[in-house]
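Visitor: Quick one: this structure, given as structure tokens, is what I'll be asking you about.
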Amino acid sequence: MADPMKIRATAKDGVTEVKVLMSHEMETGARKDAAGALVPAWFITEVTAQHNGKTVLQAEFGTSVAKNPYLSFKFKGGTKGDKIAVSWLDNKGDKRTDEGTIA
Amino acid sequence: MDKQKRKTLKTGGGLGILGLFTAVGLIKPEMAMAAWDKKAFDAKTLEEAYAALGAGAPVASKEIAITAPDIAENGAVVPVSVVSRLAKTEKIYILIEKNPSMVAAAFSFVEGTEPEVTTRVKMGQTGNLQALVKADGKYYFVAKEVKVTMGGCGG
């Protein structure tokens, strides 16, 4: 099971800014281990962010996204205490959903 | 223009289409849960990427701003921000022209979400970062060169 995401969301002047830090190796499939064997690709393919159950952003990642992916975005609306849920799915079918609260 | 592909992209979220793809083995079962655009992410050249995304020949636009360091000491972590001022921005793609997998990320925006995004990418070597934007059905781009001191794609 992957480690939890860090989700920070702040509402200001009617706009909510969301910052997400995911915990994932994001292996490209091109790297070799110490023994010279190719490390298979292992990366997040899809990310969905929801505000109170409504999708506000969808992202698809390739192998070029850096290890422990960072993502920030803004949407109109959102008030203190609202829930922000972020989910990801990786190419091995592993998935994780975490929730943050707008501060 | 690859009309079939465009149609597929548009309907890609539909489970019926995905199920069909899985059944005929076009995408692996583990991919079936997502509408992940394998063809685009497997593209090795800019032309292939544009074709896979149905972007045709995108137009250079000053209405898109891409922010990234001029020099990245560590190619493994290159921060990049893209802001689009184009009306009806639907998608923002980040492309890395010199990487083996050129399409780094695709972001889909809904009404109410600001057309801007910040993330971090890997760059194997010095080259152009490109922000490709789909707005009101048309494609626009802007590119920025990033000099990479130490490559970040392993190997």
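Visitor: Restricted to the stretch B:35-62, and to residues that are acidic (Asp, Glu) and part of a helix (DSSP H, G or I), which residue is nearest to the other protein chains (Cβ to nearest Cβ)?
Guide: Taking the candidates together, the pick is B:Glu48.
Visitor: Residues being surrounded by 15 or more Cβ atoms within 10 Å (Cβ to Cβ) and among the hydrophobic types (A, V, I, L, M, F, W, C): count how many of those fall in the stretch A:25-42.
Guide: Here the count works out to 4.
Visitor: Determine whether the stretch A:49-56 contains at least one residue that is within 7 Å of another protein chain (Cβ to nearest Cβ), surrounded by 23 or more Cβ atoms within 10 Å (Cβ to Cβ), assigned to a strand (DSSP E or B) and touching a Phe, Trp or Tyr at 6+ places or on another chain (Cβ under 9 Å).
Guide: yes
Visitor: Of all the residues that make up the stretch B:133-152, how many are within 13 Å of chain A (Cβ to nearest Cβ) and either aromatic (Phe, Trp, Tyr) or open to solvent by less than 30 Å² (accessible area, probe 1.4 Å) (or both)?
Guide: Of the residues in the stretch B:133-152, 3 are within 13 Å of chain A (Cβ to nearest Cβ) and either aromatic (Phe, Trp, Tyr) or open to solvent by less than 30 Å² (accessible area, probe 1.4 Å) (or both).
Visitor: Against the conditions (1) on the phi > 0 side of the Ramachandran plot; (2) assigned to a strand (DSSP E or B), where does B:Gln130 fall short? Just the number, please.
Guide: Going through the list (1) on the phi > 0 side of the Ramachandran plot; (2) assigned to a strand (DSSP E or B), B:Gln130 breaks only (1).
Visitor: Can you tell me which residue is surrounded by the most Cβ atoms within 10 Å (Cβ to Cβ) among those in the stretch B:59-102 that are of a type in the set (A, V, I, L, M) and within 15 Å of B:Gly151 (Cβ to Cβ)?
Guide: The residue in question is B:Ile96.
Visitor: A follow-up question, please. In the stretch A:58-85, what residues are without any contact (Cβ under 8 Å) to a residue 24 or more places away in the chain and either closer than 17 Å to A:Ile7 by Cα or more than 8 Å from every other protein chain (Cβ to nearest Cβ) (or both)?
Guide: Selection gives A:Gln58, A:Ala59, A:Gly81.
Visitor: Which count do you get for residues in the stretch A:1-24 that are charged (D, E, K, R) and exposed (fewer than 14 other Cβ atoms within 10 Å of the Cβ)?
Guide: Residues that pass the stated criteria total 3.
Visitor: Does the stretch A:32-42 contain any residue that is aromatic (Phe, Trp, Tyr) and touching an Asp or Glu at 6+ places or on another chain (Cβ under 6 Å)?
Guide: Yes, the stretch A:32-42 contains a residue that is aromatic (Phe, Trp, Tyr) and touching an Asp or Glu at 6+ places or on another chain (Cβ under 6 Å).
Visitor: So is A:Thr45 of a type in the set (S, T, N, Q) and buried (at least 20 other Cβ atoms within 10 Å of the Cβ) or not?
Guide: So A:Thr45 passes the test.
Visitor: Among the numbered conditions (1) crowded, with 24+ Cβ neighbours inside 10 Å; (2) more than 8 Å from chain A (Cβ to nearest Cβ), tell me where B:Gly124 comes up short.
Guide: If we test B:Gly124 against (1) crowded, with 24+ Cβ neighbours inside 10 Å; (2) more than 8 Å from chain A (Cβ to nearest Cβ), just (1) comes out false.
The values are calculated or read from the model by the stated rules, or taken from the named source; none is laboratory data. As the structure is a computational prediction, the values presented were derived from the model and not from experiment. Backbone-built Cβ (ideal geometry, glycine too); neighbour counts: all protein chains shown. Note: areas computed on protein heavy atoms with side chains; ligands, DNA, RNA excluded. Shrake-Rupley method; radii C 1.70, N 1.55, O 1.52, S 1.80 Å.
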